[in-house]
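S.K.: There's a structure below that I have some questions on.
The values are calculated or read from the model by the stated rules, or taken from the named source; none is laboratory data. For clarity, every value in this text was computed on a predicted model and none was experimentally measured. In this analysis, Cβ positions are derived from the backbone assuming ideal geometry, glycine residues included, and neighbour counts consider all displayed protein chains.
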Amino acid sequence: MSDAQTEPKAAPDGQNTPDGPITDQTLAELRQLADRYPEPRSALLPMLHLIQSVEGRVSSRGVEVCADLLGLTAAQVAGVATFYTMYKRRPAGRHHIGVCTTALCAVMGGDEVLRAVQDKLGLEPEQTTADGLFSLERLECNAACDFAPVMMVDWEFMDNMTPAQAEALLDDLAADRPVQSTRGATITSWRQAERVLAGFSDGLADEGPSAGPSSLRGVELARQSGWTADAFQPPPSAATASAEPAPTSQGASK
Amino acid sequence: MTLAQTQPLVPVLTANWGQERSWKLDSYVAQGGYAALRQALGRTPADVMAEVKDAQLRGRGGAGFPTGLKWSFVPQDNPNPKYLVVNGDESEPGTCKDIPLLMASPHTLVEGVIISSYAIGAHTAFIYIRGEVLHPIRRVRQAVEEAYAAGYLGSDILGSGFDLDVIVHAGAGAYICGEETALLNSLEGRRGQPRLRPPFPAVAGLYASPTVINNVESIASVPSIIARGKDWFTAMGTEKSKGFTIYSLSGHVAHPGQYEAPLGLTMARLLELAGGVRAGHQLKFFTPGGSSTPILTAEHLDTALDYEGLAQVGTMLGTKAMQVFDETTSVVRTTLRWVEFYKHESCGKCTPCREGTWWLVQLLHKLEAGQGQDGDVDKLLSVCDSITGKTFCTLAEGAVACVTSAVRHFRSEFEIGYTTPAWEHLPYAASALFPIESEGGRA
């Protein structure tokens, strides 16, 4: 927040934002987001995602633009931007790498995956490589525990990781070879991901599978075994009966 | 043999997850999708609400509050707009059921949103999804667009006169936003910090208007209840825990994954379905419903995994996220990592949580490194005592629960931390899924 007070208001953030400052098109898109909600302030989270997609981070300029558009103070917006971990006040890399080290992933090998990524990139978590290609984050649980250890690239799933797979993945990304998420689309960039999160489609929804193998484990087992919820259909008489449980429920009750 | 024994798994929400392009509207409709919406729109909102209430559906996001009852708290004579907000901020460690649903079958949720909004009289609904899951967000956004194009959303839905707009909203990284009042603050463009209750959201929620907040799985269960009826739903489950649910198994099991079953099967049965603990190992402990629910051990294998059964053994069904750890696992290490999670995710509003989780991490770090001092385990419990019951929301209760339950079951292992590092007592490499050369603590 201190830099919000010292930086000149209209100045772009120099070399930190090689893709240039917020343009008129950005402003129009920010307004578009505000118009989507009954109360414009509800758009602040998406707006900050969009700011990141053009600035590569949330700069003090980005904070002020959002504040101006929503009739808030810069302090109010900065208070929000610094609360949520996905908003980066320092420039993120072209690809943002996250490795989960919450208890389960850590135990299953996530600590080793993180160590491999750190060694490979020469980074500590929350840092970005000098060439701007990669930034690294030590993640808290990303809701993919049945695919542990989990790594995220630009917020796409990289399931069942090993240190060797993680290293190979980084090589592919560095060489700009196509990389497919194990349960998602072709990796684009952190900035494009942020643009999609803000609410602007990149047309990739139909890429990737419907589900990963672990997600389908139960439904496959049921199919092979002929187990089905249809078995619980009460007899026609019960369907019109009162709140009386269907006869079949007695067996299921303890 | 009862039906629950002969049909241990009952795919309903998960049934179409493996279908070709299951996330597309045409695929969903071909499976009978949106038929429940047509049925619902042919009934009165009160009738739809009664069906869900009588089905005894309980919230699948952790607390287990009856969904239909929650809906009935919305004052229909309140002049403000009513809102439905879907909580898709799935972030509780171990919990991984909503994200695959959003990705594989977003239309199940969208259909549930429309029916539920109709029941409570909402004309604007929000689907709040944690931001760190790009592809599921793409899929839900596309599903909403498809639903608009097909006339399932917008004005005069299917000629019923009912209007509904749905806004898909991505979060920005904050576990606390899974707490419903923090989620509302976040959705209003504020820091995600919990609100004091009352007023409850049903009376003064989003924009101080009547608001219902339900978990993804709860809302996604609604179309099946409308289509197949409360009697079918209540035929599954146990006395007070009706219906089916998605159990998520992860960790040291042969086949981790999502297992949709009637409520009330035992952990022993669930483990059996998952191929058991990984080969050559035995169960040490597991969480029944995410890391915020007190851990259990092998002595609880025959406990019914329903709301009451787990309450009887001092824990909770929570999000039904069973994280399984075998005998190689250091409970000191897992407890530290969980508490680090709560420390990281504490919103900072309440001092006991903000400072208390910090102190728990300090103590656990020392115990993990074998540098604890005699009495540190009691100090851990004392800090827990200073936190519990003294905060706005239940985040801190989760942090306390994972510490106190771990100490209750494995106190001596924490005391070993007075002299011996956890990674020497139980070498960490043995817990990993792949060979690890070097050993030792975290870098």
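S.K.: What's the total number of residues in the stretch A:199-223 that are surrounded by 23 or more Cβ atoms within 10 Å (Cβ to Cβ) and touching a helix residue (DSSP H, G or I) at 6+ places or on another chain (Cβ under 7 Å)?
M.R.: Of the residues in the stretch A:199-223, 5 are surrounded by 23 or more Cβ atoms within 10 Å (Cβ to Cβ) and touching a helix residue (DSSP H, G or I) at 6+ places or on another chain (Cβ under 7 Å).
S.K.: If we scan the stretch B:11-19, do we find a residue that is at the interface with another protein chain (Cβ under 10 Å from one of its Cβ atoms), under 16 Å from B:V113 (Cβ atoms) and either among the polar types (S, T, N, Q) or in contact with a strand residue (DSSP E or B) (Cβ under 8 Å, 6 or more places away or on another chain) (or both)?
M.R.: yes
S.K.: Condition (residue is within 25 Å of B:L273 (Cβ to Cβ) and facing another protein chain (nearest Cβ under 7 Å)) applied to the stretch A:195-212: is it met by at least one residue?
M.R.: Yes: one or more hits.
S.K.: Could you count how many residues in the stretch B:341-352 are among the charged types (D, E, K, R) and either at positive phi or not in a loop (DSSP other than H, G, I, E, B) (or both)?
M.R.: Going through the stretch B:341-352 one residue at a time, the tally reaches 2.
S.K.: Looking at the stretch B:211-231, which of its residues are in contact with a helix residue (DSSP H, G or I) (Cβ under 6 Å, 6 or more places away or on another chain), more than 20 Å from B:K97 (Cβ to Cβ) and not acidic (D, E)?
M.R.: B:T211, B:V212, B:I226, B:A227, B:G229, B:K230, listed by residue number.
S.K.: Can you go through B:W359, B:W338 and tell me which one is touching a helix residue (DSSP H, G or I) at 6+ places or on another chain (Cβ under 8 Å), modelled with pLDDT of 95 or more and either assigned to a strand (DSSP E or B) or more than 24 Å from B:L183 (Cα to Cα) (or both)?
M.R.: Only one candidate passes the filter, namely B:W359.
S.K.: Another question, if that's okay. Filter the stretch A:137-159 down to residues that are surrounded by fewer than 22 Cβ atoms within 10 Å (Cβ to Cβ) and over 13 Å from A:T102 (Cα atoms), then give me how many there are.
M.R.: Selection size over the stretch A:137-159: 1.
S.K.: What pairs come out if I take residues in the stretch A:111-122 that are small (G, A, S) and pair them with residues that are surrounded by 20 or more Cβ atoms within 10 Å (Cβ to Cβ) and not in a loop (DSSP other than H, G, I, E, B) whose C-beta lies under 6 Å away, six or more apart or interchain?
M.R.: What qualifies is A:A116/A:P163; A:A116/A:A166.
S.K.: Tally up the residues in the stretch B:311-335 that are in a helix (DSSP H, G or I) and either touching a strand residue (DSSP E or B) at 6+ places or on another chain (Cβ under 8 Å) or in contact (Cβ under 8 Å) with a residue 60 or more places away in the chain (or both), please.
M.R.: Of the residues in the stretch B:311-335, 5 are in a helix (DSSP H, G or I) and either touching a strand residue (DSSP E or B) at 6+ places or on another chain (Cβ under 8 Å) or in contact (Cβ under 8 Å) with a residue 60 or more places away in the chain (or both).
S.K.: Output the qualifying pairs, or none if there are none: Cβ atoms under 6 angstrom, residues six or more apart or on different chains, first residue in the stretch A:139-165 and outside the structural domain of A:P178 (by TED's automatic domain parsing), second residue surrounded by 24 or more Cβ atoms within 10 Å (Cβ to Cβ) and aliphatic (A, V, I, L, M).
M.R.: Here the result reads none, with nothing in the stretch A:139-165 linked to a residue that is surrounded by 24 or more Cβ atoms within 10 Å (Cβ to Cβ) and aliphatic (A, V, I, L, M).
S.K.: Filter the stretch A:86-129 down to the residues that are in the same structural domain as A:E140 (by TED's automatic domain parsing) and of a type in the set (S, T, Y), then identify the one that is surrounded by the fewest Cβ atoms within 10 Å (Cβ to Cβ).
M.R.: The selected residue is A:T129.
S.K.: If you don't mind, there's one more thing I want to ask. Only one of B:Y148, B:Y152 is under 30 Å from B:R38 (Cα atoms), touching a helix residue (DSSP H, G or I) at 6+ places or on another chain (Cβ under 8 Å) and outside the structural domain of B:T394 (by TED's automatic domain parsing). Can you tell me which?
M.R.: Result of the check over B:Y148, B:Y152: B:Y152.
Yes or no, residue by residue, for (1) in contact (Cβ under 8 Å) with a residue 12 or more places away in the chain; (2) facing another protein chain (nearest Cβ under 8 Å); (3) surrounded by fewer than 18 Cβ atoms within 10 Å (Cβ to Cβ):
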site	(1), (2), (3)
B:L9	yes, yes, no
B:L41	yes, no, no
B:G64	yes, no, no
B:P79	no, no, yes
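S.K.: Take B:S91 and tell me if it is in the same structural domain as B:R130 (by TED's automatic domain parsing), under 30 Å from B:Y342 (Cα atoms), in a loop (DSSP other than H, G, I, E, B) and of a type in the set (S, T, Y).
M.R.: yes
S.K.: I'd like to verify a number: residues in the stretch A:132-165 that are more than 10 Å from chain B (Cβ to nearest Cβ), touching a strand residue (DSSP E or B) at 6+ places or on another chain (Cβ under 9 Å) and outside any strand (DSSP E or B), how many?
M.R.: Selection size over the stretch A:132-165: 2.
S.K.: On to the next question. Go through (1) in a helix (DSSP H, G or I); (2) at pLDDT below 95; (3) of a type in the set (S, T, N, Q) one by one and return the number of the condition B:S438 breaks.
M.R.: (1)
S.K.: Looking only at residues in the stretch B:296-331 that are of a type in the set (A, V, I, L, M, F, W, C) and within 11 Å of chain A (Cβ to nearest Cβ), which one is farthest from B:L263 (Cα to Cα)?
M.R.: The selected residue is B:V331.
S.K.: Another question, if that's okay. When B:R191 is evaluated against the numbered criteria (1) surrounded by fewer than 24 Cβ atoms within 10 Å (Cβ to Cβ); (2) more than 7 Å from chain A (Cβ to nearest Cβ), which criterion, by number, is the only one it fails?
M.R.: Only one criterion is unmet by B:R191, namely (2).
S.K.: If you take the residues of the stretch A:206-239 that are touching a strand residue (DSSP E or B) at 6+ places or on another chain (Cβ under 9 Å) and of a type in the set (A, V, I, L, M), which of them is modelled with the lowest pLDDT?
M.R.: A:A229
S.K.: Can I ask one more? Which of the residues belonging to the stretch B:240-269 are of a type in the set (S, T, N, Q) and either under 22 Å from B:I219 (Cα atoms) or more than 10 Å from every other protein chain (Cβ to nearest Cβ) (or both)?
M.R.: B:S241, B:T245, B:S248, B:Q258, B:T266
S.K.: Next question, about the same structure. Looking at B:V203, B:V212, which is the one that is of a type in the set (V, I, T), over 17 Å from B:E90 (Cα atoms) and surrounded by fewer than 24 Cβ atoms within 10 Å (Cβ to Cβ)?
M.R.: B:V203
S.K.: Run B:I137 past the list (1) under 30 Å from A:T228 (Cβ atoms); (2) crowded, with 24+ Cβ neighbours inside 10 Å; (3) touching a residue at least 12 places away in the same chain (Cβ under 8 Å); (4) out of contact with any Gly (no Cβ under 6 Å at 6 or more places or on another chain) and report the number of the one that doesn't hold.
M.R.: So the condition that B:I137 fails would be (1).
S.K.: So if I check each of B:I129, B:I115, which one is of a type outside the set (D, E) and within 10 Å of another protein chain (Cβ to nearest Cβ)?
M.R.: Step by step, each of B:I129, B:I115 is checked, and only B:I129 is of a type outside the set (D, E) and within 10 Å of another protein chain (Cβ to nearest Cβ).
S.K.: Does B:C402 fit the bill of being within 13 Å of B:T335 (Cβ to Cβ), without any contact (Cβ under 8 Å) to a residue 40 or more places away in the chain and assigned to a helix (DSSP H, G or I)?
M.R.: no
S.K.: In the stretch A:58-82, which residues are in a loop (DSSP other than H, G, I, E, B) and either surrounded by 21 or more Cβ atoms within 10 Å (Cβ to Cβ) or in contact with a strand residue (DSSP E or B) (Cβ under 7 Å, 6 or more places away or on another chain) (or both)?
M.R.: Passing the criteria: A:V58, A:S59.
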